[in-house]
Amino acid sequence: MKTSSVISAHRITQFAVCAFALAAFSIVAKEPAKESKSTAVNHPEPGEQRPTRTQADAEKLGLESLLKQQHEDGGFGQGGGWRQNTNSGGGRVEGENVADPSDMGNSCISLMSLARAGQTPKEGEQRKAAARAFDYICKNIEQADADSLFVTEVRDTQLQVKIGPFVDTFLAAWVLSELKGHVPDDSEPRRDKALNKVVRKIEKNQKNDGTFAGNNGWAAVLSQGLASKSLNSAAQSGAIVAQNTLNADQVQNKSGVDRKTGEIAAVTTATISGTSSIGSIGAVGTAPSDAGISLYRESSKLGGLWEKSKTNAMQRGRVDAIIADPKSSDEDKSKAREQLKEFDDDEQAKVAASRSVAGKLGDAKYIAGFGNNGGEEFLSYMNITEAMHETGGKEWETWKDRMVRTICAAQNADGSWAGNHCITGRTFCTSAALLALMVDRMPENKPAKLGVKDALHPEIEIVPVKSTQKE
């Protein structure tokens, strides 16, 4: 097992200073946190000037850097940064000799980045590396139990502590969904079985409001956003996802979104672990912690709203067909019309939230997030970039130009990106940065039959059968 250097002097820049320096965007070239030397990765010295790169060069070097974090077991390590000390009651541990074992979260987002770059288990120069990562992910899922929300026995990773203990599960469902058709034919049944197992685990543990008991973390709202991405991506890929599951997930996405202004109500009882009450339009629900950072909460909800919109677009044709079919019963037509109303409300929430977030992208304090770069910021920028790309128009072009220039400028000399607070591991930060840069390579939303057998009869869709009421 290889080791990687870690942050030896964790430093948090004052928010106001950083916000001023980041006038238009948070991820700019700045002095990296001091790190120890490593034979695995050539980390820059403090104050080392990063070269200006083109997007193509940044992507190439980023992928090369990412591949250096792959281990012999096919998984990816954290790539530096503090570790959670599991041997003496928690707390952080740092130093040159701290182990950097593979973990599911970093392996899944790394494989997603490779796949977006055209490097999948089926195609590309790095298909062998991608195949090894795919094997690592599937093995962990196959060994996992059927009922809990975990897909790995590894606990207290940096990702789990900061954005939720189930982040590995949501990332696994996401990458397995996008890999459909991009694994060798003889591996497709394995991918499908693994994905469906993860979806069933998510469904069994989802609450009525779309959240998950025990999803504690400093900014667990970000893993909640990944849950939305994973469930909708799975449905769009043809996996069987219960309509009740998608509807419950959308409850928490829309909770707090003002349809007129697009503003998303803040967590009213901010905590750094657990869930808190939030103000919502017409209802009071629960939400995972957003750490008091509106960027995290709003980018996560915006990403979820856009993903559900894609799923709705795939369902709409079938629902319209029920209404138009003279053989459809009055009851089915009534249900179909109600679902179309729900689709329209989903769309209103998405458009309003998109407009609201777009109007804040010139606000330095908003974009700065916590105040300096962490994996949470990179993930938030990925969510925003995907939404802006789908929106298109002048606002997207403005954001794209700024985003590309600043992400490229923030890249380290070795091709990686790093975090200066919370999620500091280079593997996650590099993957999220690459996914933002490669947003134009997201899979197209092509109309297709969903895995859900009948969107109007959720009680007969679920495999295995479960109650429509969640605990």
Out of region 101-193, which trypsin sites (Lys or Arg not before Pro) are coil in DSSP terms and have no more than 13 other C-beta atoms within 10 Å?
Arg155
Highest to lowest packing among 58-68, 72-82, scored as the average C-beta count within 10 Å:
72-82, 58-68
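Quick one: compute the contact order of region 336-451, relative version, from alpha carbon pairs under 8 angstrom and 6+ residues apart, as a percent.
Working: 87 pairs, mean separation 32.2, N = 116.
The value is 28 percent.
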Backbone HN-Hα couplings from phi across region 100-117 [Karplus 6.51/-1.76/1.60, Hz, Gly and Pro as x]
10, x, 5, 9, 5, x, 5, 5, 5, 6, 5, 5, 4, 5, 4, 5, 5, 8
Sorted on mean Cβ neighbours within 10 Å (highest first), peptides 353-361, 93-101 come out as 353-361, 93-101
Packing-based order for 342-351, 367-376, using average beta carbon neighbours within 10 Å, highest first:
367-376, 342-351
Fraction in percent of alpha-carbon pairs per bin - 5 Å, region 351-426:
3, 14, 24, 27, 17, 10, 4, 0, 0
Long-range amide H partners of Arg92 with built H, under 5 Å:
Asn85
What are the ³J(HN,Hα) couplings of region 330-346, residue after residue, when phi is run through the Karplus curve with 6.51, -1.76, 1.60 and θ = phi - 60°? Round to Hz, x for glycine and proline.
4, 5, 5, 5, 5, 4, 5, 5, 5, 5, 5, 4, 5, 4, 5, 5, 4
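Neighbour counts of other C-beta atoms within 10 Å: give me Thr52, Thr311 arranged from fewest to most.
Thr52, Thr311
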Apply the Karplus curve 6.51 cos²θ - 1.76 cosθ + 1.60, θ = phi - 60°, to the phi angles in region 146-162 and return the couplings in whole Hz, x for Gly and Pro.
8, 10, 6, 8, 9, 10, 8, 8, 6, 10, 6, 6, 4, 5, 5, 5, 8
Would you mind checking the radius of gyration and Dmax of region 287-367 based on alpha-carbon positions, in Å?
17.3, 57
Spread of Cα-to-Cα distances over 10 Å intervals beginning at zero, given as percent, for region 78-148
18, 35, 32, 14, 1
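Gain in length, Thr52 to Arg405, computed as 0.36 nm per residue apart minus the alpha-carbon separation, to one decimal in nm? Don't skip to the answer; put the middle values down first.
Numbers: separation 353, 0.36 × 353 = 127.08 nm, distance 0.87 nm.
Length gained, Thr52 through Arg405: 126.2 nm.
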Between Glu395 and Glu64, the FRET efficiency computed from the C-beta separation at R0 = 30 Å comes out, to the nearest 0.05, as 0.40
At 7 Å along Cα-to-Cβ for each site, give me the label-to-label distance between Arg316 and Arg259 in nm.
1.6
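Can you list, largest first and rounded to whole Å, the semi-axes you get for region 144-202 by taking the square root of 5 times each eigenvalue of its Cα gyration tensor? Kindly include the intermediate steps, with their values, before the conclusion.
Values: eigenvalues 107, 31, 15 Å².
Semi-axes, largest first: 23, 12, 9 Å.
With +1 on each Lys and Arg Cβ and -1 on each Asp and Glu Cβ, and nothing else charged, work out how big the dipole of region 157-267 is about its Cα centre, in Debye to the nearest 20. Display every interim value, and only then the final one.
Numbers: 14 positive and 11 negative charges, 42 e Å.
Magnitude of the dipole: close to 200 debye.
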On the principal axes of its Cα set, how long, how wide and how thick is region 167-257? Give whole Å, largest value first.
44, 27, 22
Hull volume per residue for region 99-224, using the convex hull of the C-alpha atoms, in Å³ is 105
Can you bin region 306-457 into rounded, prolate or oblate? Criterion: square roots of the alpha carbon gyration tensor eigenvalues sorted a ≥ b ≥ c, rounded for a/c under 1.5, prolate for a/b above b/c, oblate for the rest.
prolate
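Readers should treat all values here as calculations from the given coordinates under stated rules, not as data from a laboratory. In this text the structure is predicted, and so the values were computed from the model without any measurement. Cβ atoms come from the backbone with ideal geometry, glycine included; neighbour counts cover every protein chain shown.
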